[in-house]
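I have placed the structure first, in the form of structure tokens, so that the comments after it can refer back to it.
Bear in mind these aren't lab numbers, they're just calculated from the coordinates by the rules spelled out. Please read all numbers here as calculations on a predicted model, not as lab measurements. When we count neighbours, we look across all protein chains shown, and the Cβ atoms used for this are built from the backbone with ideal geometry, even at glycine.
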Amino acid sequence: MMNDMYMIFIGVIILFLGVLIGVAFLTLLERKLLGYIQDRKGPNKVGIMGVMQPFSDGIKLFTKEQTYIFNSNYMSYYFSPIVGFILSLMIWIVMPYYFNLVSFNLGILFFLCVMSLGVYTVMVAGWSSNSNYSLLGGLRAVAQTISYEVSLALILMSSLILVMGFNMMMFIMYQKLVWFIFMMYPLGLCLVSSMMAETNRTPFDFAEGESELVSGFNIEYSSGGFALIFLAEYSSILFMSLMLVLILLGGYKLSLFFYLKLSLMSFLFIWIRGTLPRYRYDKLMYLAWKGYLPISLNFLLFFMGLKVLLM
């Protein structure tokens with residue numbers, strides 16, 4: 001049994017390393033794509049076609065001098081990016097890998113719990129900096145994330161009713177013949193935009209609304225702290241892409257096609273950032289509470305009725 005535990009531990013470490021390398025190249029992909037969308041080159045000097053740019057950025061950020069704010073609440077200011085980063089990596093444990101990883105029956109619940117905990121790190125990061133701008137950014141980010149968590153959970157419940165279980169492996173079995181996206185297309189679109197709001201991405205990036213809030217909750221962070229917040233955000237984007245593929249696009253298979261779907265979902269996040277302008281804040285809240293909430297509740301009732309009829 002101890003041997004199994006060691007193997008699982010090594011598997012989780014390899015997974016974390018893979019995620020970090022994936023995040024590094026996701027940032028490069030984003031900068032290149034945004035460059036071409038805006039009719040410029042993007043990073044192209046470091047290495048061949050800018051391939052080594054993420055690593056040079058990482059080295060630069062982690063070797064810069066850390067600024068210590070005189071008026072900040074030091075312990076919570078220092079540790080909130082670290083906790084946020086650890087939480088964003090912890091979610092990846094639920095990935096339904098066939099061997100040598102943690103596979104448990106309450107994967108979706110674990111995902112929702114860890115996503116909810118991520119709100120606290122943003123709130124504490126904004127509050128502990130003792131800056132009016134970071135506090136404003138933190139409050140906006142928390143209000144937005146909590147609002148869209150409700151609709152995200154309800155949309156996930158519709159897909160859970162179809163499979164009647166919390167285990168990620170069940171989504172693979174139930175989507176062998178038909179993908180869920182064909183059965184719940186409107187909900188799928190709601191799920192994509194809820195995940196964008198959850199990860200503070202354009203057009204819902206109010207946590208970092210540069211034009212009116214300077215930089216949002218992370219304004220007082222530089223060097224390592226900023227890098228950790230940045231890594232946590234992009235790790236969440238990558239995981240949300242994985243969740244979309246698992247729940248709507250046929251689940252997990254050890255094949256190139258699965259990774260292609262995952263890359264296309266990540267590409268969608270970046271493409272939308274390069275295309276759409278930012279929403280207005282009141283419209284964002286209106287969309288969550290008067291748009292997605294009733295839609296997801298109605299679909300939930302519909303799928304419950306459908307399941308009862310089929311049983």
Note to self: Can you give me the angle between helix 293-310 and the longest principal axis of the chain, using Cα atoms only, in degrees from 0 to 90, rounded to the nearest 10?
What the structure shows: 30 degrees
Check: Dimensions of the chain along principal axes (Cα, Å, largest first)?
Finding: 63, 49, 45
Notebook entry, point to check: Just how large is the dipole of region 1-134 about the Cα centre, in debye to the nearest 20, putting +1 at every Lys and Arg Cβ and -1 at every Asp and Glu Cβ?
Noted result: 440 debye
Check: Each residue of region 221-226 in order: what ³J(HN,Hα) in whole Hz does its phi give by Karplus 6.51 cos²θ - 1.76 cosθ + 1.60, θ = phi - 60°, with x for Gly and Pro?
Finding: 9, 9, 6, x, x, 5
Notebook entry, point to check: In degrees between 0 and 90, to the nearest 10, how far off the longest principal axis of the chain does helix 185-198 point, with axes built from Cα atoms?
Noted result: 30 degrees
Item checked: Radius 12 Å from Cβ of Tyr148, net charge of other residues (Lys, Arg +1; Asp, Glu -1) -> -1
Check: Given the options Ile229, Ile37, Ile82, which has the most mean-square fluctuation in a GNM of the chain, springs set between C-alpha atoms less than 10 angstrom apart?
Finding: Ile37
Check: Of Asn132, Asn218, Ser241, which is farthest on the positive side of the dipole of region 66-310, counting Cα position, with +1 on Lys and Arg Cβ, -1 on Asp and Glu Cβ, and the Cα centre as origin?
Finding: Ser241
Checklist line | Folded to 0 to 90 degrees: helix 256-275 orientation relative to the chain principal axis, Cα | finding: 50 degrees
Notebook entry, point to check: Ranked by Cβ crowding within 10 angstrom, fewest neighbours first, how are Val142, Val122, Val23 ordered?
Noted result: Val142, Val23, Val122
Check: For Ile48, Ile59, Ile93, Ile181, what's the fewest-to-most ordering of other Cβ within 10 Å of each Cβ?
Finding: Ile48, Ile59, Ile181, Ile93
Margin query: Which of rounded, prolate or oblate describes region 145-270 when judged by the alpha-carbon gyration tensor and an a/c cut-off of 1.5?
Written below: prolate
Note to self: Contact order normalised by length for the chain, with contacts defined as Cα pairs under 8 Å and 6 or more residues apart; what percent is it?
What the structure shows: 24 percent
Notebook entry, point to check: Does region 54-169 come out rounded, prolate or oblate by the C-alpha gyration tensor, with a ≥ b ≥ c the root eigenvalues, rounded set by a/c under 1.5 and, if not, prolate when a/b is larger than b/c and oblate if not?
Noted result: oblate
